Amino acid sequence: MRTSLLLSFCSYLENTPLSLAIQDNAWVIPSLQTIHILAIAATLIASLMVNLRLLHLVGNEHSIASVMGRYTPIIWFAIPILFVTGVILVIAEPARSLANSAFQLKMLMLCIVIAITYWLQQVGNKNAFFWDASSHKSSLVPILAVCSIALWIGIVSCGRWIAYT
Amino acid sequence: MNITSILQALYSNPVAQTIRENELLFPWVEAVHVFAIALVFGSIALVDLRLIGIRSLDRPISKVSKELLPITWLAFIVAAITGTILFTSNAVSYSQNFYFLSKLFLLALAGVNMMVFQFIIGRNLERWDNSLQLPLSARLAGFISIALWAGVIICGRWIGFTLEPVLAVS
């Protein structure tokens, strides 16, 4: 998606004082990207541990609720860091990101994976017996866990592909 | 055989040539490398935070490391393989890059720190099963580990901004 409106918004962002200031200081972008990757690391391991537990592959001696309680706070702690560093990176180089198909795909996958993570946490919180239920609802859980792992792989890959698209 | 001819031989091996000449392969190998190293850092950091005494205080270090370290090792193997492929594709350029050399040095230090912990400080993790806070040596090993791995990631990101192409060496 590269509409003229989007491109003119990119050129507006590019000329804001913040963007110009970052463009003048070469160390800012690699520093932000490094923080972004460290926060990604936190999100990935936390999400992976929850999903592996949902698939009964890891930590089966603990309840799903306790594994989620242990790891989901890491995700919600890291996502604001990812958001803030990500937004500044976009302001620094708007055309490289906003108008980039790898970036757009990354954002789409990000929205879906956040929705899945939030929904799983909510159903678990509302109904402690949800994980034990053998209804059609709980057969959805392993599917969502696999989707979530796949989406995170896709998000990291698209993140790297932004540099090449 | 001197170092230049070794690098030259690495540079011209068929895998390196394929990666270099195929536009899609290099970014894909890089994406796998980033994913793997993020998992290495994330999993090892959680163990380190337990060692330092910041996280998972309700669980003994033996359980925390048993749960997370298999992921660390698996991800490390993937990161090492993809990293080697990326290195050979441009061996001469990387071997002259300050951040690449620093990254290798920090990796080596992290390895030494891990060995010292594995065989000396934390030989018997079960003896700490009832301790909330661990001895200073263990907390220090955790702190050094998390700092070194963060350094590895910092250097890794900086390579991309400082690498100068050396296309052919005669």
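Throughout, read-outs are computed from the coordinates displayed, never taken from laboratory work. Keep in mind it's a predicted model, so treat the numbers as computed, not measured. Ideal geometry is used to build each Cβ from the backbone, glycine not excepted, and the neighbour counts take in all protein chains shown.
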>> Taking 0.36 nm per residue of sequence separation and subtracting the Cα-Cα distance, how much length would be gained by fully extending the chain between residue B:137 and residue B:108, in nm to one decimal?
In response: 8.5 nm
> Counting alpha carbon pairs within less than 8 Å and at least 6 residues apart, what relative contact order, in whole percent, applies to the stretch B:1-154?
Replying inline: 35
> Expressed as a rounded percentage, what relative contact order does the stretch A:1-147 have, with Cα pairs under 8 Å and six or more residues apart?
Replying inline: 33
> Rounded to the nearest 20 Debye, what is the dipole magnitude of the protein assembly as shown about its Cα centre when Lys and Arg each give +1 and Asp and Glu each give -1 at the C-beta?
Replying inline: 580
> Could you give the nm distance between label points at residue B:77 and residue A:62, where each point is 7 Å from its Cα heading toward the beta carbon?
Replying inline: 2.5
> Among A:152, A:33, A:120, which residue has its Cα positioned farthest towards the positive end of the charge dipole of chain A, with +1 placed on the Cβ of Lys and Arg, -1 on the Cβ of Asp and Glu, and the dipole taken about the Cα centre?
Replying inline: A:120
> In whole angstrom, how far apart do the alpha carbon centroids of the stretch A:4-34 and the stretch B:1-64 sit?
Replying inline: 29
> Relative to the Cα centre, what is the charge dipole magnitude of chain A, using +1 at the beta carbon of each Lys and Arg, -1 at the beta carbon of each Asp and Glu, and rounding to the nearest 20 debye?
Replying inline: 260
> Applying 1/(1 + (r/R0)^6) with R0 = 35 Å to the Cβ-Cβ distance of residue A:146 and residue B:18, what FRET efficiency is obtained, to the nearest 0.05?
Replying inline: 0.65
> Å³ per residue of the Cα convex hull, for the stretch A:20-102?
Replying inline: 96
> To the nearest 20 debye, what is the magnitude of the charge dipole of chain B about its Cα centre, counting +1 on the Cβ of each Lys and Arg and -1 on the Cβ of each Asp and Glu?
Replying inline: 520
> If packing is taken as the mean number of other Cβ atoms within 10 Å per residue, what is the order of B:37-47, A:142-152, highest first?
Replying inline: B:37-47, A:142-152
>> How would A:14, B:126 line up from fewest to most surrounding beta-carbon atoms within 10 angstrom?
In response: B:126, A:14
>> Residues of the stretch A:68-111 with backbone nitrogen within less than 16 Å of a virtual label 7 Å along the Cα-to-Cβ line of residue A:12, please, listed as ranges.
In response: A:91-92, A:94-95, A:98-99
>> Once you place label points 7 Å from the Cα toward the Cβ at residue A:118 and residue B:161, how far apart are they in nm?
In response: 3.3
> Dipole of chain B (Lys/Arg Cβ +1, Asp/Glu Cβ -1, origin at the Cα centre): which of B:64, B:76, B:2 lies farthest to the positive side?
Replying inline: B:64
